[in-house]
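I have placed the structure first, in the form of structure tokens, so that the comments after it can refer back to it.
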């Protein structure tokens, strides 16, 4: 194997890895505030991309994406208010089961609003055939967009959670909801806000990956499974860890693919997930003593 | 209080049911002699189609086509005077659904024939059920195993995947391509296609240097294509259904794997070309003639059928006709022709009549059935097509 081929495998790994990473970020926000894994996260991506595709017929691309993000954000908030908030004595498990139900509901609703056909947004720069050459290997410019957008989202989220009042309030809810409430934080709205934020980020992610992965109403679940794996490997609630874990998993899959039959690469993803859950349940990039402090 | 109301309701419903049921049963018995005198009794035809789910690109146009064609046939007096009553079941492409639906159609509805299922996996799951239930099955799925070995009551309308592979290899032979890479999805269609390619390649002097399988819901194929690039293949054959067919075209260009791309007959929908954008140009694939109906010479035997189906479908549903809808069209057409030929609606006679049908012009080709051939099409049913500037065109080397 020569250098350009090795680089090409690396770039292939980064391509899938970046898609995993950007999907995983959305899981972390809801988890960070509520301790719930939102299994409808994949559907938020598809709703966002589908809305953007529809809007892009009447508006320029950036406006269409902005519109789609706003619409999905509102949808995320509504879903929380209608389906999550009224649940009394909500155990985490029960809420997770509700999100699974929601994912099915949203999927079927999408089938009726749009249809079963595969669509995609246009490439942000260039066309489906344009490539960027790095060390004799090639990568689609859209992947650079995916990486760039992931980085911007992660930085923005970190700043938001560390330095803004609302962000800190959301973290406080996650640490100890009762104590947060005693401090005068409206914990209910913080949960709603976390759903809105994660729906909005999901929609943005869906739009950015749409030219590469294409968009079909039932693609949310497979994306969510990989995103979920990555979120666990990176340490739940840790956005920076999610991106690192996404790229790690992508590169690992590329490595497996280069040496064995392609069919084995999903085995690797699952084995990594199992190993992490058994030996390092707090994730590769989160210190275990930090995660032990969490009370949710 | 509540339970009492519930009890009263239950009693009420049961009582109502008792009153109604004899009345319901009576009416058809009472009117039956009259209707047979006026018009022949209607025939029930079931259809198990993947209208939603991952194979909805097959099932949805098939269901729409059947609804349209049944309406047209019934307006024209039905099949030999028998009105057709169509029962469409949506399997969501799940074999377990197809099984229970087939049992229901056979045991409860007592249909004459079942059209579908849309996918090969589902068809294989109900092949024996239809055979044992002595119900004619006209499958709209591609795999060769459906009619090989032949089961008495099982037929299929799409062209054989072995013939698709033959047409692909013919093009390669003419172009002097000898070393290829094959990638297939892990769904029934991809696996069956991959086996045919492996089997037939030596006949045309082609070596398959590398053969890889990927998950049918894969969202990116650059990794596996990198492997093909490393093997220095002279052409890539991809055998899958959506969404991989558009992805493979894009991903090849993105990693600068500049060799010809061949796809299966599953590529026959302009939507996949649109999804692939510029990257889809130059893709070579065998396909039924529906997609190039407008440019066929006027004397071509299929021209009239194709143009009529295409314009009827497109004006009614306001979307492009695909070859898949055509498979359902052919299935119902064959059934109607067989009823006409048999002059009967008894399963045994209709079945025999299908086996003796010759020269039936359908959308997929010209059908010549026999006791050994329950598909009735040969490789001439395929035209080799390519994509030029985002549109289908007949391939010219």
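The values are calculated or read from the model by the stated rules, or taken from the named source; none is laboratory data. Keep in mind that what you see is a predicted model, and the values were worked out from it rather than measured. All Cβ positions, glycine included, derive from the backbone under ideal geometry; neighbour counts span all protein chains shown.
Of all positions in region A:98-105, at least one carries a residue that is within 14 Å of chain B (Cβ to nearest Cβ) and either surrounded by 18 or more Cβ atoms within 10 Å (Cβ to Cβ) or without any contact (Cβ under 8 Å) to a residue 40 or more places away in the chain (or both). In summary, residue B:274 fulfils each of the numbered conditions (1) surrounded by fewer than 20 Cβ atoms within 10 Å (Cβ to Cβ); (2) touching a strand residue (DSSP E or B) at 6+ places or on another chain (Cβ under 6 Å) with the single exception of condition (2). Sub-6 Å Cβ pairs linking a first residue in region B:309-320 that is exposed (fewer than 13 other Cβ atoms within 10 Å of the Cβ) to a second residue that is part of a loop (DSSP other than H, G, I, E, B) and at pLDDT below 95, at least 6 apart or interchain, are B:314/B:321, ordered by first then second residue.
Total residues in region B:124-143 satisfying the condition of being within 17 Å of residue B:351 (Cβ to Cβ) and either in contact (Cβ under 8 Å) with a residue 12 or more places away in the chain or under 9 Å from the mean Cα position of the chain (by Cα) (or both): the figure is 13.
Considering region B:338-385, and only residues there that are assigned to a loop (DSSP other than H, G, I, E, B) and touching a strand residue (DSSP E or B) at 6+ places or on another chain (Cβ under 7 Å), the residue that is surrounded by the most Cβ atoms within 10 Å (Cβ to Cβ) turns out to be B:376.
In the list B:60, B:102, B:47, B:93, which residue meets the criterion of being buried (at least 21 other Cβ atoms within 10 Å of the Cβ) and either more than 24 Å from residue B:313 (Cβ to Cβ) or more than 15 Å from the chain's Cα centre (by Cα) (or both)?
Details: B:60 fails: either more than 24 Å from residue B:313 (Cβ to Cβ) or more than 15 Å from the chain's Cα centre (by Cα) (or both); B:47 fails: either more than 24 Å from residue B:313 (Cβ to Cβ) or more than 15 Å from the chain's Cα centre (by Cα) (or both); B:93 fails: either more than 24 Å from residue B:313 (Cβ to Cβ) or more than 15 Å from the chain's Cα centre (by Cα) (or both).
Every option except B:102 fails the conditions.
Screening residue A:261 on (1) within 14 Å of another protein chain (Cβ to nearest Cβ); (2) out of contact with any strand residue (DSSP E or B) (no Cβ under 9 Å at 6 or more places or on another chain); (3) surrounded by fewer than 18 Cβ atoms within 10 Å (Cβ to Cβ) shows it passes everything except condition (2).
Considering every residue within region A:233-246, establish whether at least one is in contact with a helix residue (DSSP H, G or I) (Cβ under 8 Å, 6 or more places away or on another chain) and closer than 30 Å to residue B:211 by Cβ. Steps first, please.
Looking only at region A:233-246, we keep the residues that are in contact with a helix residue (DSSP H, G or I) (Cβ under 8 Å, 6 or more places away or on another chain), and these are A:233-246.
From what is left, the residues that are closer than 30 Å to residue B:211 by Cβ are A:246.
Yes, there is a match, as at least one residue in region A:233-246 is in contact with a helix residue (DSSP H, G or I) (Cβ under 8 Å, 6 or more places away or on another chain) and closer than 30 Å to residue B:211 by Cβ.
Do we find that residue B:197 is under 13 Å from residue A:265 (Cβ atoms), crowded, with 18+ Cβ neighbours inside 10 Å and assigned by TED's automatic domain parsing to the domain that holds residue B:168 in this structure? Here the answer is no, as residue B:197 does not meet what is asked. Assessment of region A:35-57 against the conditions (surrounded by fewer than 19 Cβ atoms within 10 Å (Cβ to Cβ), closer than 22 Å to residue A:175 by Cα and in contact with a helix residue (DSSP H, G or I) (Cβ under 6 Å, 6 or more places away or on another chain)) yields at least one matching residue.
Taking region B:41-59, which residues are closer than 13 Å to residue B:327 by Cβ and within 14 Å of chain A (Cβ to nearest Cβ)?
Initial filter on region B:41-59 (closer than 13 Å to residue B:327 by Cβ): B:47, B:49-50, B:55, B:57-59.
Hits for region B:41-59 are B:49, B:50, B:55, B:57, B:58, B:59.
Residue B:67 fulfils the conditions (1) away from chain A (no Cβ under 14 Å); (2) in a helix (DSSP H, G or I); (3) crowded, with 19+ Cβ neighbours inside 10 Å except for a single criterion, (3).
Report yes if residue A:63 is within 14 Å of chain B (Cβ to nearest Cβ), part of a helix (DSSP H, G or I) and surrounded by fewer than 20 Cβ atoms within 10 Å (Cβ to Cβ), otherwise no. Reasoning before the result, please.
Values: within 14 Å of chain B (Cβ to nearest Cβ): no; part of a helix (DSSP H, G or I): yes; surrounded by fewer than 20 Cβ atoms within 10 Å (Cβ to Cβ): yes.
Taking the combined requirement at face value, the residue does not satisfy it.
Here B:297, B:301 are screened, and the one residue that is away from every other protein chain (no Cβ under 14 Å), farther than 23 Å from residue B:178 by Cβ, touching a residue at least 40 places away in the same chain (Cβ under 8 Å) and assigned to a loop (DSSP other than H, G, I, E, B) is B:301. Residue B:319 meets all of the listed conditions (1) in a loop (DSSP other than H, G, I, E, B); (2) not assigned by TED's automatic domain parsing to the domain that holds residue B:54 but one, namely (2). Looking at (1) farther than 26 Å from residue A:18 by Cβ; (2) at the interface with chain B (Cβ under 10 Å from one of its Cβ atoms); (3) assigned to a helix (DSSP H, G or I), which is the only condition residue A:143 fails? So the condition that residue A:143 fails would be (1).
Suppose we keep only residues that are facing chain B (nearest Cβ under 7 Å) and surrounded by 21 or more Cβ atoms within 10 Å (Cβ to Cβ) within region A:128-138. Which one would you say is farthest from the chain's Cα centre (by Cα)?
From region A:128-138, those facing chain B (nearest Cβ under 7 Å) are A:128-129, A:131, A:138; that's our starting set.
Going one step further and asking which of them are surrounded by 21 or more Cβ atoms within 10 Å (Cβ to Cβ), we end up with A:128, A:138.
Details: A:128: 24, A:138: 26 Å.
My answer is A:138.
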